[in-house]
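**Student:** So that we are looking at the same thing, I have put the structure below in structure tokens.
Rule-based calculations on the coordinates, nothing more; no lab input. From a predicted model like this one, the values you see are computed outputs, not experimental measurements. Every residue, glycine among them, receives a Cβ derived from its backbone with ideal geometry; neighbour counts consider all protein chains shown.
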Amino acid sequence: MTNEILAQNANYALASAALVITVAMLCYALYLAQSVPVREQTTADAKVPATVGGGGSEPDAGGVTGDVVAETPARARKAAGIAGSLSWLGAALLLLSCVFRGLAVQRFPLGNLFEFSIAGAFFAMVVYCVATLRRDVRWLGVFVTAFVTLLLMVASTAWYVEADELVPSLKSYWLPIHVTVATLSVGIFVVGAIVSALYLMSDRGVGGERFWRKLPEAKSLEKFSYSLHIIGFPLWTFTLIAGAIWAREAWGSYWNWDPKEVWTFVIWTVYAAYLHARATKNTSRRTANWIAIAGFACIVINYTVVNFYFIGQHSYAQ
């Protein structure tokens, strides 16, 4: 296949992924709408002795931990099952789009904001899909897929650029190392920020008490958010260090006070502050999670405002 056809196939795969993930979002929304409020149901079920040896419909945890589980309606479980399969398919299509894009330009497809956004959407989906293998997080699906769908829409319109060659400074083995780890950490921070936002709203009861009863308790949400951030932070630390080493090779200095370099360090500092606040007894969990949200806001600023409005050595990344 010619490079033009490969680039076209990359766009077809991207459009297919956006469609599939949108349908997954709708299915997750249907699941959440029809699922029984788990805390309310658990309270009721706690009064009924557990049946030994089984019969009847299969119990469904619905995100609740403990010995007592809430039973989710069959229609809701079916919608969640379809959504889960579509989530994996959407992630696979995003990966296929990245592969076609890379083959079209004969390089690693992380040379500009459009390509970075597609890779970030892929990693966000992968983080969520992998999480579903370890715990029941179907309640989170609608929020992750909604964010990814919005990101794909913006990337495909406002940030889209034709497949092209890299600038000389990017032609390095550090590109797949530095930028891939950065993208993976951003994907983790995306899911972590969503869970932190849900915790902050759930803790305040924003949007109605019955809705929040369909999600895990605020304490469980906060712990889940922390487990994501504690993985993403070391990866971002590696991103900062690897970027400095690459800068030494490309520009002759480990640190050049480039806007992207500065904001990468700002992001690292804010997330370090979150982890410190999380480990400090005198700091409330709400305060710590607001810091985590601030860290994600810095990521958004770094890859949008800084990319387009701050002139520096990373200006080619638009």
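**Student:** Enumerate the residues in the stretch 87-108 having an amide nitrogen under 14 Å from the point lying 7 Å beyond the Cα of Lys171 toward its Cβ.
**Tutor:** In the stretch 87-108, the label zone of Lys171 (backbone N under 14 Å from the point 7 Å along Cα→Cβ) covers 106-108.
**Student:** Any of Lys219/Lys260; Lys223/Lys281; Lys214/Lys281; Lys78/Lys214 with alpha carbons more than 25 Å apart? Name them for me. Walk me through the numbers before you get to the answer.
**Tutor:** Numbers: Lys219/Lys260 35 Å; Lys223/Lys281 15 Å; Lys214/Lys281 29 Å; Lys78/Lys214 17 Å.
Distance filter (> 25 Å) returns Lys219/Lys260; Lys214/Lys281.
**Student:** Separation between the Thr180 and Thr280 pseudo-spin-labels, each 7 Å from Cα along Cα→Cβ, expressed in nm?
**Tutor:** Each label point lies 7 Å from its Cα, and together they span 3.8 nm.
**Student:** On to the next question. Could you tell me how many cubic angstrom of Cα convex hull volume the stretch 167-311 has per residue? All intermediate terms of the calculation are to be shown ahead of the outcome.
**Tutor:** Numbers: hull volume 17.2 nm³, N = 145.
Dividing the Cα hull volume of the stretch 167-311 by its residues yields 118 Å³.
**Student:** Taking the number of other C-beta atoms within 10 Å as the exposure measure, put Glu162, Glu222 in order starting with the fewest. Before the final figure, lay out each step's value.
**Tutor:** Details: Glu162 8, Glu222 24.
Lowest to highest Cβ neighbour count: Glu162, Glu222.
**Student:** Using θ = phi - 60° and the Karplus curve 6.51 cos²θ - 1.76 cosθ + 1.60, what whole-Hz ³J(HN,Hα) does each residue of the stretch 128-145 get, with Gly and Pro shown as x?
**Tutor:** Along the stretch 128-145, the couplings run 5, 4, 5, 4, 5, 6, 9, 8, 7, 10, 4, 4, 8, x, 5, 6, 5, 5 Hz.
**Student:** While we're looking at this one, here's another question. Calculate, in nm to one decimal, what Glu4 and Ala74 gain on full extension: separation in residues at 0.36 nm each, minus their alpha carbon distance. Write down the numbers at each step before the final one.
**Tutor:** Numbers: separation 70, 0.36 × 70 = 25.20 nm, distance 4.64 nm.
Stretched fully, the Glu4-Ala74 segment lengthens by 20.6 nm.
**Student:** If I take R0 = 22 Å and measure r between the Cβ atoms of Lys223 and Ala33 in this structure, what FRET efficiency does the formula 1/(1 + (r/R0)^6) give, to the nearest 0.05? Walk me through the intermediate numbers first.
**Tutor:** Details: r = 26 Å, r/R0 = 1.17.
The computed FRET efficiency comes out at 0.30.
**Student:** Something else now. When Cys27, Cys129 are ordered from fewest to most other Cβ atoms inside 10 Å of their Cβ, what list results?
**Tutor:** Details: Cys27 25, Cys129 18.
Going from sparsest to densest Cβ surroundings: Cys129, Cys27.
**Student:** Now for a different question. Take every Cα-Cα pair in the stretch 86-214 and report what % of them are more than 19 Å apart. Spell out each step's value before the answer.
**Tutor:** Details: 4409 of 8256 pairs.
Counting pairs separated by more than 19 Å, the tail of P(r) holds 53 percent.
**Student:** Moving to a separate point now. Report the residues of the stretch 247-283 in range of a label on Ile230: point 7 Å along Cα→C-beta, backbone N strictly under 13 Å from it.
**Tutor:** 275-276, 278-280
**Student:** Testing the spin-label approximation: label points 7 Å from Cα along Cα→Cβ at Arg248 and Leu150. State their distance in nm.
**Tutor:** 4.0
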